[in-house]
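Values quoted throughout were computed directly from the atomic coordinates according to the rules given, and no laboratory measurement underlies them. The structure presented is a predicted model; accordingly, all values stated were derived computationally and were not measured. Cβ placement follows ideal geometry from the backbone for every residue including glycine, while neighbour counts extend to all protein chains displayed.
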Amino acid sequence: MKTLFRAFVAASLARHLGFPLRLPNRLHPAPTIPFSAILCALCVSALACVFPNAAAEEPASTNSVLELKLDGEVEPILATYIDEGIADAAQRNAKLVLITMDTPGGLTDSMKQIIQHILSSPVPVAVFIAPSGSRGASAGFYILLSADIAAMAPGTHTGAASPVLIVGGYPMAIDETMRKKINNDAMAFLRSFTEKRSRNPTLAETAITESKAFTEKEALDAKMIDLVASSEDDLLRQLNGREITRFDGRKIKLALSNPNRVQFQLSGRQKFLARIVAPDMFFLLLIVGVLGLYTEFTHPGMVAPGVIGGICLVLALYAMQILPVNIAGVFLILLALALFILEAKYTSHGVLLAGGIVAMLLGAMFLIRSPLTAGGVSLGIAIAVTLPFAALTVLLMRLVLRSRKWKSATGREELLREQGIVVTPITAAAEGMIRIHGELWRAVSARPVPEGQPVRVLRIEGLKLYVEPVETTVPAT
C-alpha cells in the first residue's frame, strides 16, 4: 500500500510538471533530468516520510493493551503524555489503557488534568502501583482511585494525601480556617469520583484528614482498590473476563486473552520538556537567563553570556506558560535584582544586599503554586542559586560604575590633565608649542608661559591645546 501511494503521488506530480515517466532502454535513451524534477523527487520523498504515519498505518490490533508509565513527580508534561496515550488508545480501539505508577505526588493542576483524562476516557483505564516498593502517594492516591480498575503490587503503598502548603520542600503552617477550607475542597473532589467508583469514600477521606497511608492489603480489604497483582501479566490475567462499570454507568466485560501489549513512550521532545518544567530547573533557567543578559548589557561584546542567557530565558518563559506560576514570586525576583544593583551604587552597609537575598528566596518559594500537593522550588536549590547570583550582580555593577571613573587611555582624551614642557614661548597674543608624550602640539594659555616651563592640559579643541602653567616650588636652602 505504501509503494502504491508513493507511485501515485510521483505520477501526479510528474504529470502536473509536464515531464514524462518512462524507463530508459536502448531505443529511448534516458533523458536529462532537469532541476525541477530533482526538486519534485525530494518533495515526494518528504511526503512519503510523513504520510505513512498518518494515512498508511498498519491495522491496529483488536486485542491491544496500551501501557503508559507515570514515574516521578506529577507535572504538566506527564499530564500531556497521559492525555496523548489515552487518545492513542482510542484511535487504536484498544481494550485497555494500563498506567503503571510510582509517584510521591506533584502539582495539583497536573493531577486534576490526569484525572479528567481518565474519567472521560473512551477506553477503560487501569492504574497499577508497581513494581514492589513503589508508592502512589499524595496526587498518586487521587489518580489511583479515579481509574476504572485500581490495582497494587505486593509491597506497595498509597495514601498520605493531606493538603499541605509546601514552600521550598518544607510544610508551612496555616490557620485552622484555611486548613478546613482546603481539606473540604480536597475531600469533595475525592468524593466526586470515588462514590461513582464504589470505593469507600469515607475511609479514603482519612488519607486527607488524618494523612493515613495504606498497604496493598489494607487498601484491598477497605475496598479502595479492586485487586492485588504481582505483575502486569498477572493483572491482565485477572482482568480477563471481568465485568467493570465505567464512570458513566455503562457495564462492559473485558476481553484480554492473549493481549497485544503496546508501550507508549514519552517522546524525545517530551523528555526534554519534562526536564525544563521541573520547578527547580525552571528557577535555575530563569536566573541564568537574567544573569546572562545582565552580564551582556553591563559588559557589551562578550557575546557568550548574552547567547546563553537568551536561550535560557526563552526556555524559562516557555515553562512559565505550562507551570502554575505565581506572579508574586516573579515580582519578588525582579525586586531582588533591583536591590542588588542599588547595593552596588549606594552605601547601605549590606542592608540592600540582605533585602535582595531575602526577596529572591521568598520569590523562589512562592514561584510555583501547588496548594493541595507538594511541588515547588526546593530550599536547597533556592539558596544555591541566590547567593552566587547576588554576588555576581553586585560585582558586575561595581565594575561598571568603576569603569566610568577611569580616564580614557587612548586618543586625544588621554592628554587631559597631563603635563608638558613649553618649547616655544606662549604669549597672550600668540600661540606657542609644547612637547607632550614626545609630540609637539600648538598651545594657548590665558597667561604668558616662558620656554621650559611645565604646563597642564585643560581641554582640547581640534589640534589646539588649552593649557595652564604648573606652579613649581623652589626648595628652601
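Spherically averaged projected area of the convex hull of Cα atoms, the range 238-368: 13.1 nm².
In this structure the amide hydrogen of I368, modeled in the peptide plane, comes within under 5 Å of the amide hydrogens of N326, V377, none closer than 5 places in sequence on its chain. Alpha-carbon geometry of the range 322-402: the Rg and the Dmax are 13.9, 50 Å, given in that order.
Taking a 30 Å limit on the Cα-Cα distance, which of the listed pairs K180/K223; K95/K196; K69/K253; K223/K271; K112/K253 fall beyond it?
Check vs 30 Å cut-off fails for K223/K271.
Classify the range 412-453 from the C-alpha gyration tensor, please: rounded if a/c falls under 1.5, else prolate or oblate depending on whether a/b exceeds b/c.
Prolate shape, in that a/c is at least 1.5 and a/b is the bigger ratio.
Give me the orientation-averaged projected area of the Cα convex hull of the range 117-253, in nm², one decimal. Answer in nm², one decimal: 8.7. Note that the range 69-150, at 4 °C in a medium of 1.567 mPa s, gets a Stokes-Einstein diffusion coefficient of 106 µm²/s from its Kirkwood radius over C-alpha pairs.
Straight-distance candidates among the lysines for linking to K464, with alpha-carbon spacing under 24 Å and chain neighbours fewer than 8 residues away dropped: K407. Starting from a Cα-only point model with no solvent, please compute log10 I(q)/I(0) by Debye for the range 209-264 at q = 0.13, 0.16, 0.19 1/Å. Once normalised to I(0) and log-transformed, intensities are -0.48, -0.69, -0.88. With each label modelled as a point 7 angstrom along the Cα→C-beta vector, the T245-K223 pair spans 1.0 nm. The simple Förster model, with R0 at 22 Å and r as the Cβ-Cβ distance, assigns F297 and F331 a FRET efficiency of 0.60.
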